[in-house]
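Right, one structure below, let's go through it.
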Amino acid sequence: MSKAGRTAIAVLLFSLVIAAPAHAAVRYNRAQTERYIVSSEREWSSSNPHELAVVRRIIADDFVWLLDGKILGKVDAIREAMRSNRTSVEHFSYVRVRFFGDTAIAQGQAIVTRQNGATIRNLFMDTWMLRSGTWQIVAATDIDLKE
């Protein structure tokens, strides 16, 4: 084989190795993962100070949350969960999950009653990523609308 032929094969093999991760087979069961994400979203919304393990489990250490016009992190999310007795989710209208490789977007709506009796519609969008075999939320946005 000529030097040009060997070079062409080497370039082709190198390209395949580099491109392989982008086209790698999905390493998880989508239906099972969707059930896990929806269940985890419901657990987070109903978490109370005695169930902080839920928040710690599903939120990544580098988590970023846009809530009430503020940018918060994981520590803030844990604090919010500790104060969660001021709200109670009455009903999830829906949670939709879409997958993009090892990333999933959960978008949904919950009807929430505040401690003062006010009812709001909470629209949320959470970005989940599969990291080292674990699905966690890396970014979240919540918008509250008065009913």
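The values are calculated or read from the model by the stated rules, or taken from the named source; none is laboratory data. Only a predicted model underlies this, so the values are computations on that prediction, with no experimental measurement involved. Cβ placement follows ideal geometry from the backbone for every residue including glycine, while neighbour counts extend to all protein chains displayed.
At a glance:
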{"item": "Unmet requirement for Leu12, which otherwise passes all of (1) modelled with pLDDT of 85 or more; (2) assigned to a helix (DSSP H, G or I)", "result": "(1)"}
{"item": "The stretch 98-132, subset assigned to a loop (DSSP other than H, G, I, E, B) and among the small types (Gly, Ala, Ser), residue nearest to Leu67 (Cα to Cα)", "result": "Ala118"}
{"item": "Subset of the stretch 49-81 that is assigned to a loop (DSSP other than H, G, I, E, B) and loosely packed, with under 13 Cβ neighbours inside 10 Å - its residue that is modelled with the lowest pLDDT", "result": "Asp68"}
{"item": "Verdict on Arg96 being among the basic types (Lys, Arg), within 19 Å of Glu34 (Cβ to Cβ) and in contact (Cβ under 8 Å) with a residue 12 or more places away in the chain", "result": "yes"}
